[in-house]
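Peer 1: Next up is a structure, given as structure tokens.
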Amino acid sequence: MTPRRLLALLALCFAGLAPLSAGAEPRTLKLLISSEPPQMNSAKATDQISGMLLGHLMEGLTRYGQNGELIAGIAESWHIDDQRASFQLRRGALWSDGKPVRAQDFVFGWRTVVDPKTASEYAFILYPLKNAEAINGGKLPPSALGVSAPDDHTLEIVFENPCGYFLGLTAFPTYLPLREDFYKSERYGADASDLLTNGPFNLTRWVHGASLTLDKNPQYWNADRIHVDRIEIPYITSDPNTAYNLFLDKKVDTLGISKENLDRAQADRLKMKAFADGSVWYMEFNFRQERVTRNYHLRKALQLVFDAKEYVSRVVGIPGTKVGVSLIPAWVPGVNGRFRVEFPLAPRKTDFAEAKRHLELARQELGGTIPPLVWLTDDGPAAGRQAEYFQYLFLTRLGIELRIDRQIFKQRLAKMTAGDFDIVSAGWGPDFADPMTYADLFTTWNDNNRGKYKSEKYDELIRKAQSTSDAPTRMSSMAAAEQVLLEDVGIVPMNERVIIYAHQPRVSGIVRHVVGPDPDYTWITLSD
Amino acid sequence: MLRYTLKRLGAGLLTVYFIATATFLAMHFVPGDPIAGNKAMRPEIRQNLERKYGLDKPVSVQYVVFLRNMLHGDFGISFTQPNRLVNDIIKDHFPVSALLGVLALSVASIGGVLFGSLTAVVRGKLTDRTVMFFVILAVSVPSFVFAALAQQLAILANAGAGTTLLPVAGWGSLRHMLMPTLVLGLGTMAFLTRLMRSSMLEIVNQDYIRTAKAKGLPTHRVFFSHQLRNAILPVITVLGPSIAAITTGGFVVETVFSIPGLGRYFVQAVQQLDYTVIMGLTVFYGAFLVFMVILVDIIYGFIDPRISLAKAAS
């Protein structure tokens, strides 16, 4: 039987069944998500998928524009100084049930976030507000939070400390408003009917584990700029091959391409795009008392044999990936332009002779031998390739044995926190568009400093940057702190991540955001 | 009969209790931190979360609370979907897995009995060898390979026809169910085919078959009334656990075909150390398996009059 006949036979078998789609369709963007949004309560959401959906369903004081710049959202205008901020809210912004969005909704939303009963993981992002940390620690009532609404359209904020990047925070999902008369702590955001929205789209249907439908919100104050009627998410699967097959079958409009599918995508001549997602990846050393990686010369030797360029091309293997040179990546804004351009770093070179010299010094200081080092990492295929590369590199160049400890996500986190490693392959994605989202990572008071790196100079420089909102002072302090960290070999930057994706030709205008809800489909147009 | 059933149910409940306890202990002794996120938590935020999930109490207290809630049919709220009850997750997603499982098992058992009998009848012939070759293939090749192949076929068919004949993935219509059902049922079908075949071959040489033939019964009556009826017993025996396995073990198929079943939630829960979901689903699955095995034992008595349950009980 020829393939054509086989197809005809198959067609005959299914002739009795109605076609899957019929009638005049609204302009619909079809998407696939890798996992179900855990919830859509903005006070508690922490993951990328919930964040992406909330970015389409909700609007905060500000939001991100097409070029990643902050634009007005519910707030029309604002004034921010070192002590306080004031936002004027637009008239005409409505909730999905038709009631106006009021300043009191922000007050309630923010108080809910810092209320210990909410147990919000991201409560810390509101800590620039007066008393937020004390309230979250149970020492003050939520009503003591430094935010108030003198009238329906004015929001007044009092800061705990000057916060030079506060405006960027107002676009963060945790800063979204919640309406008190609708909010039920346990159920809010669990289903489409348990969610009240005020953004470009409304959530009209949510079948758990299966599909979501977002319809254009005709009441949105800026509805004219939205050119799609519906965003349909009919598939939820983490299987990259299924995603790929659905894209080929034209059932979805966009596709994230994993390294495993890269060759196939090239063979299928998919038009691929690269997006640097703003995350930076590095080796983090353990500085705890009993660990050999506490020794400067050992870390220096490891750093000197590592060639980030070779690593990016041979191990990461995703076109467009940037070589890691610093903790603060290339995209971050500085005083006027890019931080990295304003505060350049001297290029790092491999030097095997110098590495050997440092290794010898390390040996002397550590009593003659270097024990095998434990490399803690994830259980994914990329993590495996990476670990084996370093195992080979350190063994052949320095004679240092690397023991690979691959763990599932939660267990890796537990081991990182417990300090059960010598080197951990770690990464960091930004929360807001300011170098501080990276710069304070290795302070002694930051719980993300899992290697317990400790430098008084570094701490002092970060404290200095945190105590003012004067941009030049802040930026130069952070640049100096970063220099200290790199000179100490507190970390060895490896790469800045790039994500490869494709979309059907009928879609244009997908905006990718390094910070804020990503991808942003509110700017797209569909050509059919 | 009633006494037997009650006794079995009592033993079943005890089994479920042990499953619950073992899961609870295992959960609290595996390394890893259920509430850790990508970004480190400040102590006060951690405390708030621990309080919310009762993790701030000693393990013994947590155990008592867990058992008490379980008796009330309450498995708590999920850690990863913090505004959904575990009960809701079961309620929303078990029916999907069950439907898929029942469909797959129907295909598997009908196919298994059919092919098993067929191969036994034509033993050693080309048909037998061909079917058995595919049986070995279906037993050895993992389901995700078949799933991927099926998707490729669907893409080709859809592209060729210019319309959607077979959906590549998704759930909702009968058409969506076709490929996952076949892929999920294939392994079990192959297994049942082998079981049925050997069972049939064993019975062919029994005295009562020879007697039936000697009595001059027509071949089809010998086959249906004597051979098939007796040979099917081992198949029924494995059907109980198979129902449980197939309705719960569809994780791969559910992921590949983007089906909102319970299996996916279970595996995700294990990966993310979602204590409440793991414990809730394990107890639920455990109870389901125990119930199915008891049910099959009871059905057994009806099918095979030689098996007297009351006598067995005494």
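Peer 1: From A:R111, A:R63, which residue is crowded, with 20+ Cβ neighbours inside 10 Å, charged (D, E, K, R), more than 14 Å from chain B (Cβ to nearest Cβ) and without any contact (Cβ under 8 Å) to a residue 40 or more places away in the chain?
Peer 2: Values: A:R63 fails: without any contact (Cβ under 8 Å) to a residue 40 or more places away in the chain.
Going through A:R111, A:R63 in turn, the sole match is A:R111.
Peer 1: Would you point out which residue out of A:T174, A:T237, A:T170, A:T197 is among the β-branched types (V, I, T), crowded, with 22+ Cβ neighbours inside 10 Å, more than 25 Å from A:D528 (Cα to Cα) and in contact with a strand residue (DSSP E or B) (Cβ under 6 Å, 6 or more places away or on another chain)? Reasoning before the result, please.
Peer 2: Values: A:T174 fails: in contact with a strand residue (DSSP E or B) (Cβ under 6 Å, 6 or more places away or on another chain); A:T237 fails: in contact with a strand residue (DSSP E or B) (Cβ under 6 Å, 6 or more places away or on another chain); A:T197 fails: in contact with a strand residue (DSSP E or B) (Cβ under 6 Å, 6 or more places away or on another chain).
After applying the criteria, what remains is A:T170.
Peer 1: Right, another one. State which residue pairs qualify: first residue assigned to a loop (DSSP other than H, G, I, E, B) and inside the range B:249-264, second residue of a type in the set (S, T, N, Q) in any location, beta carbons under 8 Å apart, and separation of 6 or more residues or different chains.
Peer 2: If the second residue must be of a type in the set (S, T, N, Q), the pairs left are B:G250/B:S97; B:F257/A:T237; B:F257/A:T242; B:S258/A:T237; B:S258/A:T242; B:G261/B:S97.
Peer 1: Also, I was wondering about something else. Which count do you get for residues in the range A:181-202 that are assigned to a loop (DSSP other than H, G, I, E, B), more than 10 Å from chain B (Cβ to nearest Cβ) and over 22 Å from A:Q104 (Cβ atoms)? Break it down stepwise before answering.
Peer 2: Taking the range A:181-202 first, the residues assigned to a loop (DSSP other than H, G, I, E, B) are A:181-191, A:195-200.
After this cut, where a residue has to be more than 10 Å from chain B (Cβ to nearest Cβ) as well, the list is A:181-183, A:195-200.
Subset that is over 22 Å from A:Q104 (Cβ atoms): A:200.
Here the count works out to 1.
Peer 1: Oh, and also: Criterion first (assigned to a helix (DSSP H, G or I), within 25 Å of the chain's Cα centre (by Cα), within 21 Å of B:V267 (Cβ to Cβ) and without any contact (Cβ under 8 Å) to a residue 60 or more places away in the chain) does B:F94 satisfy it?
Peer 2: Spelling it out, it is not the case that B:F94 is assigned to a helix (DSSP H, G or I), within 25 Å of the chain's Cα centre (by Cα), within 21 Å of B:V267 (Cβ to Cβ) and without any contact (Cβ under 8 Å) to a residue 60 or more places away in the chain.
Peer 1: Could you list, in sequence order, the residues of the range B:22-37 that are surrounded by 13 or more Cβ atoms within 10 Å (Cβ to Cβ) and either more than 26 Å from the chain's Cα centre (by Cα) or more than 13 Å from chain A (Cβ to nearest Cβ) (or both)?
Peer 2: B:T23, B:F24, B:H28, B:P31, B:G32, B:D33, B:P34, B:I35, B:A36, B:G37
Peer 1: Continuing with this model, one more query. Kindly list, by first and then second residue, each pair from a residue in the range A:322-349 that is surrounded by 15 or more Cβ atoms within 10 Å (Cβ to Cβ) to a residue that is among the aromatic types (F, W, Y) and not in a loop (DSSP other than H, G, I, E, B), limited to pairs with Cβ atoms under 6 Å and residues at least 6 apart or on different chains.
Peer 2: A:L327/A:Y438; A:I328/A:F339; A:I328/A:Y438; A:V332/A:F339
Peer 1: Determine which single condition A:H56 fails, assuming it passes every other condition in (1) of a type outside the set (G, A, S); (2) away from chain B (no Cβ under 14 Å); (3) touching a Gly at 6+ places or on another chain (Cβ under 7 Å); (4) assigned to a loop (DSSP other than H, G, I, E, B).
Peer 2: Unmet condition: (4).
Peer 1: If you don't mind, there's one more thing I want to ask. Condition first: over 20 Å from the mean Cα position of the chain (by Cα), surrounded by fewer than 24 Cβ atoms within 10 Å (Cβ to Cβ) and under 30 Å from B:N83 (Cα atoms). Can you find one or more residues in the range B:262-272 that meet it?
Peer 2: Step one: of the range B:262-272, the residues over 20 Å from the mean Cα position of the chain (by Cα) are B:271-272.
Retained after the next criterion (residues that are surrounded by fewer than 24 Cβ atoms within 10 Å (Cβ to Cβ)): B:271-272.
Still in the list and also under 30 Å from B:N83 (Cα atoms): B:271-272.
Yes, some residue in the range B:262-272 is over 20 Å from the mean Cα position of the chain (by Cα), surrounded by fewer than 24 Cβ atoms within 10 Å (Cβ to Cβ) and under 30 Å from B:N83 (Cα atoms).
Peer 1: A follow-up question, please. Scan (1) of a type in the set (S, T, Y); (2) away from every other protein chain (no Cβ under 14 Å); (3) assigned to a loop (DSSP other than H, G, I, E, B); (4) over 27 Å from A:W221 (Cβ atoms) for the single condition A:S143 breaks and write down its number.
Peer 2: Of the numbered conditions (1) of a type in the set (S, T, Y); (2) away from every other protein chain (no Cβ under 14 Å); (3) assigned to a loop (DSSP other than H, G, I, E, B); (4) over 27 Å from A:W221 (Cβ atoms), the odd one out for A:S143 is (3).
Peer 1: Kindly indicate which of A:E121, A:E76, A:E133 is free of Cβ contacts under 8 Å to residues at least 60 places away in the same chain, crowded, with 17+ Cβ neighbours inside 10 Å and either under 30 Å from A:L32 (Cβ atoms) or out of contact with any helix residue (DSSP H, G or I) (no Cβ under 6 Å at 6 or more places or on another chain) (or both). Step through it out loud before you land on a result.
Peer 2: Values: A:E121 fails: free of Cβ contacts under 8 Å to residues at least 60 places away in the same chain; A:E76 fails: crowded, with 17+ Cβ neighbours inside 10 Å.
Among A:E121, A:E76, A:E133, only A:E133 is free of Cβ contacts under 8 Å to residues at least 60 places away in the same chain, crowded, with 17+ Cβ neighbours inside 10 Å and either under 30 Å from A:L32 (Cβ atoms) or out of contact with any helix residue (DSSP H, G or I) (no Cβ under 6 Å at 6 or more places or on another chain) (or both).
Peer 1: Under 6 Å between Cβ atoms, at least 6 apart or on separate chains: pull out the pairs that start in the range B:215-229 with a residue that is within 19 Å of B:M196 (Cα to Cα) and end on any residue that is of a type in the set (D, E, K, R) and at pLDDT below 85.
Peer 2: As it stands, the answer is none, since no pair meets every condition given.
Peer 1: In the range B:137-175, how many residues are without any contact (Cβ under 8 Å) to a residue 12 or more places away in the chain, in a loop (DSSP other than H, G, I, E, B) and more than 10 Å from chain A (Cβ to nearest Cβ)?
Peer 2: 1
Peer 1: Output yes when any residue across the range B:101-122 is farther than 21 Å from B:L201 by Cβ, within 14 Å of another protein chain (Cβ to nearest Cβ) and either at pLDDT 90 or above or buried (at least 22 other Cβ atoms within 10 Å of the Cβ) (or both), and no when none is. Before you say what the answer is, go through the steps one by one.
Peer 2: Taking the range B:101-122 as the starting set, the residues that turn out to be farther than 21 Å from B:L201 by Cβ are B:101-107.
From what's left, within 14 Å of another protein chain (Cβ to nearest Cβ): none.
Within the range B:101-122, none of the residues are farther than 21 Å from B:L201 by Cβ, within 14 Å of another protein chain (Cβ to nearest Cβ) and either at pLDDT 90 or above or buried (at least 22 other Cβ atoms within 10 Å of the Cβ) (or both).
Conditions tested, residue by residue: (1) of a type in the set (V, I, T); (2) under 25 Å from the mean Cα position of the chain (by Cα); (3) at negative phi.
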position: B:Q151; (1), (2), (3): no, yes, yes
position: B:M179; (1), (2), (3): no, yes, yes
position: B:T188; (1), (2), (3): yes, yes, yes
position: B:L195; (1), (2), (3): no, yes, yes
position: B:A212; (1), (2), (3): no, no, yes
position: B:H220; (1), (2), (3): no, no, yes
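Peer 1: Here's something else I'd like to know. Filter the range A:225-243 down to the residues that are part of a loop (DSSP other than H, G, I, E, B) and within 11 Å of another protein chain (Cβ to nearest Cβ), then identify the one that is farthest from A:A72 (Cα to Cα).
Peer 2: Among those that are part of a loop (DSSP other than H, G, I, E, B) and within 11 Å of another protein chain (Cβ to nearest Cβ), it is A:D239.
Peer 1: Tell me whether the range A:373-385 contains one or more residues that are touching a Lys or Arg at 6+ places or on another chain (Cβ under 8 Å), within 21 Å of A:V484 (Cα to Cα) and assigned to a loop (DSSP other than H, G, I, E, B).
Peer 2: Taking every residue of the range A:373-385 in turn, none turns out to be touching a Lys or Arg at 6+ places or on another chain (Cβ under 8 Å), within 21 Å of A:V484 (Cα to Cα) and assigned to a loop (DSSP other than H, G, I, E, B).
Peer 1: Can B:L186 be described as within 14 Å of another protein chain (Cβ to nearest Cβ) and at pLDDT 90 or above?
Peer 2: For B:L186, the condition - within 14 Å of another protein chain (Cβ to nearest Cβ) and at pLDDT 90 or above - is not met.
Peer 1: Please determine whether any residue of the range A:434-447 is surrounded by fewer than 17 Cβ atoms within 10 Å (Cβ to Cβ), within 12 Å of chain B (Cβ to nearest Cβ), in a strand (DSSP E or B) and modelled with pLDDT under 95.
Peer 2: No, every residue in the range A:434-447 fails to be surrounded by fewer than 17 Cβ atoms within 10 Å (Cβ to Cβ), within 12 Å of chain B (Cβ to nearest Cβ), in a strand (DSSP E or B) and modelled with pLDDT under 95.
Peer 1: Condition first: out of contact with any strand residue (DSSP E or B) (no Cβ under 6 Å at 6 or more places or on another chain) and more than 30 Å from A:L441 (Cα to Cα). Can you find one or more residues in the range B:29-44 that meet it?
Peer 2: Yes, the range B:29-44 has at least one match.
One line per residue, one yes/no per condition, for (1) within 30 Å of B:T282 (Cα to Cα); (2) out of contact with any Leu (no Cβ under 9 Å at 6 or more places or on another chain); (3) modelled with pLDDT under 85:
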position	(1), (2), (3)
B:R197	no, no, no
B:L228	no, yes, no
B:I236	yes, yes, yes
B:S258	yes, no, no
B:G261	yes, no, no
B:A269	yes, no, no
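Peer 1: Just the residues that are β-branched (V, I, T) and either at positive phi or more than 14 Å from chain A (Cβ to nearest Cβ) (or both), please, taken from the range B:236-289. Walk me through how you get there before you give the answer.
Peer 2: Narrowing the range B:236-289 to residues β-branched (V, I, T): B:236-238, B:243, B:246-248, B:252-253, B:255-256, B:259, B:267, B:270, B:276-278, B:282-283.
Of everything in the range B:236-289, those that are β-branched (V, I, T) and either at positive phi or more than 14 Å from chain A (Cβ to nearest Cβ) (or both) turn out to be B:I236, B:T237, B:V238, B:I243, B:I246, B:T247, B:T248, B:T282, B:V283.
Peer 1: Return yes when A:T473 is farther than 30 Å from A:H227 by Cβ, among the polar types (S, T, N, Q) and either crowded, with 21+ Cβ neighbours inside 10 Å or out of contact with any Asp or Glu (no Cβ under 9 Å at 6 or more places or on another chain) (or both) and no when it is not.
Peer 2: yes
Peer 1: If you go through the range A:400-433, how many residues are in a loop (DSSP other than H, G, I, E, B), of a type in the set (V, I, T) and surrounded by fewer than 20 Cβ atoms within 10 Å (Cβ to Cβ)? So that I can check it myself, show each step before the final result.
Peer 2: Filtering the range A:400-433 down to residues in a loop (DSSP other than H, G, I, E, B) leaves A:400-401, A:407-408, A:419-422, A:429-433.
Now drop any that are not of a type in the set (V, I, T), which leaves A:400, A:408.
Then drop every residue that is not surrounded by fewer than 20 Cβ atoms within 10 Å (Cβ to Cβ), which leaves A:408.
The qualifying residues number 1.
The values are calculated or read from the model by the stated rules, or taken from the named source; none is laboratory data. No experiment lies behind these values; they were computed from the predicted model shown. Glycine also receives a Cβ, built like all others from the backbone with ideal geometry; neighbour counts cover every protein chain displayed.
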